[in-house]
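One structure is given here, and the rest of the page talks about it.
The values are calculated or read from the model by the stated rules, or taken from the named source; none is laboratory data. Bear in mind that the values here come from a model prediction, so they are computed numbers and not experimental data. Note that each Cβ is placed from the backbone with ideal geometry, even for glycine, and that neighbours are counted across all protein chains shown.
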Amino acid sequence: MSENWSAVAKAINERANELGLRQRELAERSQVSQAIVRELQHNTVQRRRSDRTLEALSLALDWHPQHLLALLYDRRPPALGEPREDMEDAVSARLAVIEDRLTGITEQLAALRADLAAVLDQTGRRGPG
């Protein structure tokens, strides 16, 4: 599951502008360091952030706690008042995607191995067993 940090940056910037919040005010309101808010707003450092960081920013921007987390994974953000998504279900869904990708990679590697063995057999370069 890919992460869409540019969508997170765009949403934070648009909402902060709507609410008239400066970066420092957003940092204070969310209790997230101004450096992290700056990195997220400018999308300068793409690394996994704590779900709590994104939740704190979502709440500071008057959104559902999982708004930014949903945008990060290209899902529809929940509306205020909607129940929180069960994180265990979200983790299970992400693990299923990872398992599918690993299966595909394993199949590709097996096919490459077979192709390489065939080429080596044809050129007589393959050694004994």
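Per-residue answers, yes or no, for (1) assigned to a helix (DSSP H, G or I); (2) touching a residue at least 24 places away in the same chain (Cβ under 8 Å); (3) more than 17 Å from residue 80 (Cα to Cα):
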{"position": "10", "(1), (2), (3)": "yes, no, yes"}
{"position": "17", "(1), (2), (3)": "yes, no, yes"}
{"position": "27", "(1), (2), (3)": "yes, no, yes"}
{"position": "40", "(1), (2), (3)": "yes, yes, yes"}
{"position": "45", "(1), (2), (3)": "no, no, yes"}
{"position": "56", "(1), (2), (3)": "yes, yes, no"}
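Assess whether residue 93 counts as being within 22 Å of residue 3 (Cβ to Cβ), at pLDDT 85 or above and either in a helix (DSSP H, G or I) or among the charged types (D, E, K, R) (or both). No: the conditions fail for residue 93.
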